[in-house]
Amino acid sequence: MKNHLKSLRAAHGWSQADLATRLGVSRQTVNALEVGKYDPSLPLAFAIARLFGQPIEAIFEPNLSAVPLAVEQLQQRTQEEDVGAKDAAGTHRLAKVRVHQPAR
Amino acid sequence: MKTRIDEPTQSYLREFGAAMIAYIVVLFLSIWAITTHVRSSWRYPVALLPMIPAAFALVAIVRHLGRLDELQRRIQFEALAFAFGGTALVTFGYGFVENVGFPHLSWFWVWPLMALLWALGLVLANRRYRA
């Protein structure tokens, strides 16, 4: 997945080999991570986050549409949108109907 | 001077290299012993002697796999799976054509086939994770 590893590494002035040594992995792995061809395991992701002092989500950008959302969460969100969606006039969004008044 | 071969690989090459040298030496010795001296049923264990350094070579390989990081292990898995399946297809395919006339081959052909497919598998697997 997309990530900010390359820029974070450059900000510290480290080569790929340097970063690999600090993370305890091979240079090949660092390269594969940077070009997005390999996603780290959870322990490695935490090691990266800890090394750069940022949360995992700040470093890695998953394609969220590809990430499954729990069914209950989806149902909940849909209900909240229906119930909560009222416009400024206090009219329920779903019930609003536009009527065209022809000119007389 | 920074070397391009990393530490784990260096250890592996040392261990594996030593085992291979021992293998070649023991192999020549066992062949010499069988052809010139040993005629009795002792020739079976003597013929098998090269398998002892071969076992050390295997230990070196297994230890190396244990030193690899997560991506390298995944690559090895993909390569070994490829070699496993490929060997199955080739050896069985050859078995079928042996039945209809192809020359009968020694078991010595199996390992080189596996090793070749493992090497090819590594080339293919490594490519998947490059830029």
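The values are calculated or read from the model by the stated rules, or taken from the named source; none is laboratory data. As the structure is a computational prediction, the values presented were derived from the model and not from experiment. No Cβ is skipped: glycine too gets one built from the backbone with ideal geometry, and neighbour counts run over all protein chains shown.
Things worth noting here:
- Qualifying residues in the stretch B:112-121 (those that are in contact with a Phe, Trp or Tyr (Cβ under 9 Å, 6 or more places away or on another chain) and within 26 Å of A:Arg27 (Cβ to Cβ)) - the one surrounded by the fewest Cβ atoms within 10 Å (Cβ to Cβ): B:Leu120
- In the stretch B:69-82, the residues that are farther than 20 Å from A:Thr21 by Cα form Cβ pairs under 8 Å with partners that are in a helix (DSSP H, G or I) and aromatic (Phe, Trp, Tyr), at six or more places apart or across chains, as follows: B:Ala79/B:Trp118; B:Leu80/B:Trp118; B:Phe82/B:Trp118.
- Subset tally (residues that are among the polar types (S, T, N, Q) and away from chain B (no Cβ under 13 Å)) for the stretch A:1-39: 2
- Cβ-Cβ distances below 9 Å connect the following pairs, each with a first residue in the stretch A:1-16 that is assigned to a loop (DSSP other than H, G, I, E, B), a second residue that is among the acidic types (Asp, Glu) and surrounded by 11 or more Cβ atoms within 10 Å (Cβ to Cβ), and a separation of six or more residues or different chains: A:Met1/A:Asp39; A:Met1/A:Glu61; A:His4/A:Glu61; A:His12/A:Asp18.
- Residues within the stretch B:63-89 that are among the β-branched types (Val, Ile, Thr) and either in contact with a Cys (Cβ under 8 Å, 6 or more places away or on another chain) or under 23 Å from A:Leu44 (Cα atoms) (or both), tallied: 1
- The set of residues in the stretch A:6-30 that are under 25 Å from B:Leu122 (Cβ atoms) and buried (at least 19 other Cβ atoms within 10 Å of the Cβ) comprises A:Leu19, A:Ala20, A:Val25, A:Ser26, A:Gln28, A:Thr29, A:Val30.
- Of the helices (runs of 4 or more DSSP H) entirely within the stretch A:25-65, those holding at least 1 residues that are among the hydrophobic types (A, V, I, L, M, F, W, C) and in contact (Cβ under 8 Å) with a residue 40 or more places away in the chain occupy A:42-52, A:56-59.
- Test: residue in the stretch B:88-111 that is within 30 Å of A:Val30 (Cβ to Cβ) and either exposed (fewer than 15 other Cβ atoms within 10 Å of the Cβ) or away from chain A (no Cβ under 14 Å) (or both): no
- Within the stretch A:56-72, restricting attention to residues that are loosely packed, with under 10 Cβ neighbours inside 10 Å and over 8 Å from the mean Cα position of the chain (by Cα), the residue that is modelled with the highest pLDDT is A:Ala70.
- Residues being modelled with pLDDT of 95 or more and not in a helix (DSSP H, G or I) - total across the stretch B:53-86: 0
- Test: residue in the stretch B:93-106 that is assigned to a helix (DSSP H, G or I) and either closer than 23 Å to B:Leu58 by Cβ or basic (Lys, Arg) (or both): no
- All positions within the stretch B:33-52 that are surrounded by 12 or more Cβ atoms within 10 Å (Cβ to Cβ) and not in a loop (DSSP other than H, G, I, E, B): B:Ala33, B:Ile34, B:Arg43, B:Val46, B:Ala47, B:Met51, B:Ile52
- Scanning the stretch A:40-55 for residues being surrounded by 15 or more Cβ atoms within 10 Å (Cβ to Cβ), closer than 25 Å to B:Arg127 by Cα and either more than 9 Å from chain B (Cβ to nearest Cβ) or of a type in the set (Asp, Glu) (or both) gives a total of 2.
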